[in-house]
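Notes for the one structure printed next.
The values are calculated or read from the model by the stated rules, or taken from the named source; none is laboratory data. None of the values given here were measured: they were computed from a predicted structure. FYI the Cβ positions are ideal-geometry reconstructions off the backbone, even for glycines, and counts take in every protein chain you see.
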Amino acid sequence: MAVQLPSIFAERMKNLLGDEFEQFMKSYEQSPHAGLRVNTLKISMEQFDELAPFDMRPIPWCGTGFYVPHGVKPGLHPYYHAGLYYIQEPSAMAPVELLDVQPGDHVLDLCAAPGGKSTQIAAKLQGKGVLVTNDIHSERTKALAKNVELYGVRNAVVLNESPERIAGAFPHYFNKVLIDAPCSGEGMFRKDEDMVKSWEHHSVEKCVLMQRDILETAAKLLAPGGTIVYSTCTFAPEENEAMIAEFLNLNPGFTVHDIPETAGFAPGRPDWVRQMLPETAEKTGTVLDQTRGTARLWPHLLEGEGHYVAVLQHRPEASPERISSVEDEKETVSKIPEDQGIAVTQPLSKADRKRERLMRTESRERNERPARGGKNEGKAGRNNERDARKSNRGKGRGTDQVNIDPGTVYQQFIEEHLELELLGETVFYGERVYQSSVGASRLEGLKVIRPGWFMGTVKNGRFVPSHPLACALNRSEAKRVINLASANGEAVRYLKGETLNIEEARVECKTGVAAKGYALVCVDGFALGWGKWLDGVLKNEYPAGWRWTSV
Ligand SMILES: C[S@@+](CC[C@H](N)C(=O)[O-])C[C@H]1O[C@@H](n2cnc3c(N)ncnc32)[C@H](O)[C@@H]1O
């Protein structure tokens, strides 16, 4: 057998699985299954079908998921760096499919790092609605933020908070909540042998305590009639059916929404709770039977490492509170207290704080002005900004330029370089500019990693576009594009940070736009990052920390 399983684990599974145990053990002799999920924020399934660089088979329970053959390394292709797909274990794709996210939903991913399921949720939202994605471990939120940015998500807020504190800021705000709970990880033994070693440290008992708290808090975050999906990658009944039965017992407004037994999904096992945990079975009584409608994904019954999923449906009549809507959010935009900053993870200097106050006041004033055509806050007050720009034209980059309203500098860049409708609220943190789908006021006091889509920085009167801005752009939204081919190595050279010689004829400009300046660099038509073109040379603006490091 390839993997040495902990003996207590094997003994427990033998007792539970009975005749099936041999088949279960045989699955550990096979290699783990690898998968990828197409990022439909950037590419349609039809386009991907034409461009796919590997032979792949569809994953039955995820319309955008594919099995990747053994030996193929999808991370070593420029398309990975263009965020066209996310590499994900196939059974881990099931929970978000079952959450049934629709464009416009308010979704919370409570235990989100490194972001596999958040990027899947974002693709389903298609830029409409709100995604708040959170992880309690600050180190892990770095990967989470990076993945959200690489995958071109515009409407996400990234937090590093406890579920309790999020509930304080967003009471009954979300109509969909995902809890991909920290767990003992028994479904990861085949994929990652370190999980076998750490199994004893992350004992089932410790995980149960965390899971109970997280689930209980999720109920405070959910809007009436909303859905919670709870998932783990473990087989322990304590962390699965018993956890759900306890929750249902304490929260009678919820019922289990039955998951169909298709695609190799097996039913939940209330009988195992009766067998192993008679006290829980007695305490939870008949609600325990509902857990039969939850799903177990077994490595011996389908091609995946294993998962547990429960869909918990809140009955709207169980609570009189109404669902907060996107319209409510718009009203909160103009109510940002001038003297309160959001707790950002990077401390602001005194000068930054002063600047931030100034900018936020200006931002608020812009938002309070009637929007041109009533479209959105981001465009509000453009006429005034244009007037301000006119009066600054021809003044060069001296002191006057530095003194221009940073919001104007930002708007000017957007208008000159992009064809983009700015959605949400423009939020300034010191020099950094974001478009936020929830607005600044709701985030006050929270540890915010990203309050929204990071657009760039205003420094010395100039706007410097961010890499995440480029990542989320479609080719048609940029006024200047340089397209590189994946086939001839040019894209990889760009990703390695090299300066490229690009003749002027290759700079694709919209009418009236000159070749010189910031260009969106693409691979086969999909955004990779920024470059600055001048006289046949493309200065590479790809961030050093993101560079292609393989040979
Ligand atoms: C199974 S992993 C999440 C994987 C992630 N959903 C994905 O698809 O990429 C569980 C995560 O929960 C986080 N976590 C642990 N306790 C937490 C808590 N009390 N609140 C929020 N997150 C927590 C861990 O740091 C870990 O990143």
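Here are a few things to note about the model shown:
- Residues (more than 23 Å from residue 97 (Cβ to Cβ) and either touching a Phe, Trp or Tyr at 6+ places or on another chain (Cβ under 6 Å) or modelled with pLDDT of 95 or more (or both)) located in the stretch 185-202: 195, 196
- Looking across the stretch 202-227 at every residue that is more than 14 Å from the ligand (Cβ to nearest atom) and outside any helix (DSSP H, G or I), the one that is farthest from the chain's Cα centre (by Cα) is identified as 203.
- Qualifying residue in the stretch 38-53 (condition: within 20 Å of the chain's Cα centre (by Cα) and of a type in the set (D, E, K, R)): yes
- One residue stands out in the stretch 473-497 among those that are touching a residue at least 12 places away in the same chain (Cβ under 8 Å) and in a loop (DSSP other than H, G, I, E, B): the one that is farthest from residue 545 (Cα to Cα), namely 479.
- Among (1) in a helix (DSSP H, G or I); (2) surrounded by fewer than 23 Cβ atoms within 10 Å (Cβ to Cβ), the one test that residue 244 misses: (2)
- Residues of the stretch 129-144 classified as more than 8 Å from the ligand (Cβ to nearest atom) and under 18 Å from residue 442 (Cβ atoms), total: 5
- Being of a type outside the set (Asp, Glu) and surrounded by fewer than 23 Cβ atoms within 10 Å (Cβ to Cβ) is true of residue 206.
- Test: residue in the stretch 501-520 that is within 19 Å of residue 549 (Cβ to Cβ), modelled with pLDDT of 95 or more and either assigned to a loop (DSSP other than H, G, I, E, B) or among the charged types (D, E, K, R) (or both): no
- Residue in the stretch 75-91 that is surrounded by fewer than 18 Cβ atoms within 10 Å (Cβ to Cβ), modelled with pLDDT of 95 or more and of a type outside the set (A, V, I, L, M, F, W, C) present: yes
- Qualifying position, being within 20 Å of residue 10 (Cα to Cα) and either acidic (Asp, Glu) or surrounded by fewer than 19 Cβ atoms within 10 Å (Cβ to Cβ) (or both), among 289, 258, 271: 271
- The single condition from (1) in contact with a Leu (Cβ under 7 Å, 6 or more places away or on another chain); (2) in a loop (DSSP other than H, G, I, E, B); (3) more than 16 Å from the ligand (Cβ to nearest atom) that residue 114 fails is (3).
- Among residues of the stretch 103-124 that are assigned by TED's automatic domain parsing to the domain that holds residue 224, those with a beta-carbon under 8 Å from a residue that is more than 7 Å from the ligand (Cβ to nearest atom) and at pLDDT below 95 at least six positions away or on a different chain give the pairs 104/326; 106/324; 106/326.
- Restricting the stretch 511-538 to residues that are surrounded by fewer than 13 Cβ atoms within 10 Å (Cβ to Cβ) and not hydrophobic (A, V, I, L, M, F, W, C) leaves a set whose member that is farthest from the chain's Cα centre (by Cα) is 535.
- Filtering the stretch 179-201 to residues that are in contact with a helix residue (DSSP H, G or I) (Cβ under 9 Å, 6 or more places away or on another chain), within 14 Å of the ligand (Cβ to nearest atom) and outside any loop (DSSP other than H, G, I, E, B) leaves 179, 180, 186, 187, 188, 195.
- Matching residues in the stretch 247-263 - criterion: being of a type in the set (A, V, I, L, M, F, W, C) and either modelled with pLDDT under 95 or not in a loop (DSSP other than H, G, I, E, B) (or both): 247, 248, 250, 254, 256, 263
- Annotation: of all residues in the stretch 42-69 being among the small types (Gly, Ala, Ser) and closer than 23 Å to residue 95 by Cα, the one that is surrounded by the fewest Cβ atoms within 10 Å (Cβ to Cβ) is 44.
- Matching residues, the stretch 145-169, being in a strand (DSSP E or B) and either near the ligand (Cβ under 10 Å from one of its atoms) or not aliphatic (A, V, I, L, M) (or both): 159
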